[in-house]
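The values are calculated or read from the model by the stated rules, or taken from the named source; none is laboratory data. This one's a predicted model, so the numbers in the text were calculated from it and none came from an experiment. Reconstructed Cβ throughout: ideal geometry from the backbone, glycine too, with neighbour counts over all protein chains shown.
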Amino acid sequence: MIPVIAMFAVFGIGMVLVVYGTFAKNRWGMNFNPVPCPRCGKPLPRTRTPANLQQALWGGGTCSGCGANVDKWGREVDT
């Protein structure tokens, strides 16, 4: 009985992190909207190929037009 309660507690904490991250626009959230490049305005592709570990774990991509590294919310990030 205790392992089941612990499993649901961990799942619940994970859901709270995802919901909060979506509203706060941090790395735990999910973004379903298309994202334009902050430099050139070109839309990033919906299907992505991560260029580094950060993009693979937390989302985002690299603009094919200007080469900007963008997070999943459309903000430019340093690598």
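For the range 17-35, residues that are in contact with a Lys or Arg (Cβ under 9 Å, 6 or more places away or on another chain) and either surrounded by fewer than 14 Cβ atoms within 10 Å (Cβ to Cβ) or part of a loop (DSSP other than H, G, I, E, B) (or both) total 7. Only one of the numbered conditions (1) loosely packed, with under 10 Cβ neighbours inside 10 Å; (2) without any contact (Cβ under 8 Å) to a residue 12 or more places away in the chain is violated by Arg46, and that is (2).
When each of Gly14, Gly41 is tested for being at pLDDT 90 or above and either surrounded by 13 or more Cβ atoms within 10 Å (Cβ to Cβ) or not assigned by TED's automatic domain parsing to the domain that holds Trp73 (or both), the lone residue that passes is Gly14. Filtered by the rule that a residue be within 16 Å of Cys63 (Cβ to Cβ) and free of Cβ contacts under 8 Å to residues at least 24 places away in the same chain, the range 10-43 gives Pro34, Gly41, Pro43.
Of the residues Val19, Val77, Val35, the single one that is touching a helix residue (DSSP H, G or I) at 6+ places or on another chain (Cβ under 8 Å) and modelled with pLDDT of 90 or more is Val77.
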